[in-house]
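All of the numbers you see were taken from the coordinates with simple rules; none came from a lab. Remember, it's a predicted structure, so these values are computed and weren't measured experimentally. Note that we place each Cβ from the backbone using ideal geometry, even for glycine, and neighbour counts take in every protein chain shown.
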Amino acid sequence: MALDPEALARALQPLEKAATLPASAYTSPAVYAAETERIFSHAWLCAGRVEQIPNAGDWMTLDLLDDKLVVVRGADDRVRVLSRVCRHRGAELCEGRGNTRSFQCPYHAWTYGLDGRLVGAPLMDGAADFDRTRFGLPELRSEVWEGWIFVSFDADAAPLGPQLAPLERLLARYRLEERVALEPLVFESPFNWKLLVDNFMEAYHHIAIHRDTLQPLFPADRSHAPDADGPYSVLIMPGKERDAEPLVAAVVYPFHLFAPGGEMLSWYQLLPTRHDHFTLRIHCCFAREAVEDPAQAAKLEALRELVRTVHEQDIAACQATWAGLNARSYRAGRLGPLEKPLWQFNRWWIERMTG
Ligand code: FES
């Protein structure tokens, strides 16, 4: 793998001395392949929110890494994450979202229940020893945390909830589980996923890229990050006005990003596909009363537009960084004191990539 041990050792120094990750951590296809194997295949990854499938039979598809999944609420009200690849000859069963009592393959009409069981396979009576119970849709481990549905490809992954208990206590006042997501803003992002995690988790850049948007509200030099006792980092950004509510940014490793503050919860859903591309869905989430109140529609839309403007500024920063990291002359830099969450993340990332 294209990671220089000495460069990683410099990134592992105490924050006061720590270097950034080397360029290859971002730019190398081999490193991305190793991330897929060592991190993504074992971590908990966000698949959506429970309120996106509120009723029995509601489903939505999810392309996560190289897999095709469907997130579905069963007749028993349980949320499951299933493969949506037909167990006959592999056709994709569905695409998009909807409500159904069963999934029927468009190719030869094999039919699956909401729990993944194969309930119908026409004209298969002559197939010797064909046991339908062995041809259900595989179900992945899933867990709901604060309204988000997390999924893991690792059947032995340690439960997520206990690992996030300290974060849950820290954010209890924001009542994350009660928020409702609006239709997302979607961005195809032609750079490495970690650039957005880095960007999301420090307010240092407010002084330049966001000097007209976030810096007047949440000045960079007031931001700080508590020590973390689990697979997450938190950044607290106090407001310029003393009585203003702080904006908080959080990452559940590796890439579940969200930021509660004021009336809005911003949730950045990253869907990496290659070392140099991910799809980003930004969901602006609000209290249900606000979403269902027509009188508040214009205000919520204005907040959503502010998020779009801020992200367009962040895209410029990420693209400039992507160009620089791919340049021959690039050398790893130094982290500053306002970049503690990046340092925390880098240590977690290096441990998993090399451990
Ligand atoms: Fe699905 Fe044949 S591929 S029924």
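Amide H neighbours of G120 under 5 Å, counting only residues 5+ apart in sequence or on other chains, H built in-plane at 1.01 Å?
Counting only residues 5 or more places away or on other chains, the set is T111.
Lone cysteines in the chain, going by a 4.7 Å Cβ-Cβ cut-off?
Isolated Cys, the chain: C46, C94, C284, C285, C318.
With +1 assigned to the C-beta of every Lys and Arg and -1 to the C-beta of every Asp and Glu, and no other charges, what is the dipole magnitude of the range 221-338 about the Cα centre in debye, to the nearest 20? List each step's numbers first, then the result.
Numbers: 12 positive and 15 negative charges, 138 e Å.
In total the dipole reaches around 660 debye.
Could you work out the per residue convex hull volume over the alpha carbons of the range 285-334, in cubic angstrom?
Details: hull volume 4.6 nm³, N = 50.
Looking at the range 285-334, the number lands at 92 Å³ per residue.
Could you give log10 I(q)/I(0) at q = 0.21 Å⁻¹ for the range 1-158, computed by the Debye formula over C-alpha point scatterers of equal weight, without solvent?
Here the Debye-derived log intensity ratios amount to -1.28.
In square nanometres, what is the average projected area of the Cα convex hull of the range 9-92?
Working: hull surface 35.4 nm².
Directional mean of the projected Cα hull area for the range 9-92 stands at 8.8 nm².
What is the total of Lys pairs in the chain with C-alpha atoms under 28 Å apart, excluding same-chain pairs fewer than 8 positions apart? Please list the in-between numbers first.
On the way: K17/K194; K17/K340; K68/K194; K194/K340; K240/K299; K240/K340.
Count of close lysine pairs: 6.
Would you mind classifying the range 218-267 by shape? Square roots of the alpha carbon gyration tensor eigenvalues, ordered a ≥ b ≥ c; an a/c under 1.5 is rounded, otherwise it is prolate if a/b is larger than b/c and oblate if not.
Working: a/c = 2.72, a/b = 1.52, b/c = 1.79.
Cα axes put the range 218-267 in the oblate bin.
Rounded to whole Hz and in sequence order, give me ³J(HN,Hα) for the range 121-135 from the Karplus expression 6.51 cos²θ - 1.76 cosθ + 1.60, θ = phi - 60°, writing x for Gly and Pro.
Karplus values, whole Hz, x for Gly and Pro: 8, x, 6, 9, 4, x, 7, 5, 6, 7, 9, 4, 5, 8, 10.
From the alpha carbon gyration tensor of the range 251-353, can you work out the equivalent ellipsoid semi-axes (sqrt of 5 times each eigenvalue) and give them in Å, largest to smallest?
On the way: eigenvalues 205, 54, 36 Å².
After diagonalising the Cα gyration tensor, the semi-axes are 32, 16, 13 Å.
Over the Cα atoms of the chain, each weighted equally, I'd like the Debye log10 I(q)/I(0) at q = 0.14, 0.15 Å⁻¹, rounded to two decimals.
Log-scaled intensity ratios, in q order: -1.21, -1.36.
For the range 123-263, compute Rh as the Kirkwood radius over C-alpha pairs and then the Stokes-Einstein diffusion coefficient at 25 °C and 0.890 mPa s; write the answer in µm²/s, rounded to an integer.
Numbers: Rh = 18.2 Å.
Answer, rounded: 135 µm²/s.
Name the helices (complete DSSP H segments) of the chain with a Cα length along the long axis of 30 Å or more and a Kyte-Doolittle mean of at least -1.0, or state none. Don't skip to the end; give the middle numbers.
Numbers: long enough: 297-325 (41 Å, 0.12).
Going by DSSP H runs, the hits are 297-325.
Send over the per residue convex hull volume for the range 188-273, Cα only, as a whole number of Å³. Write out the running numbers ahead of the final one.
Numbers: hull volume 9.3 nm³, N = 86.
Value for the range 188-273: 108 Å³ per residue.
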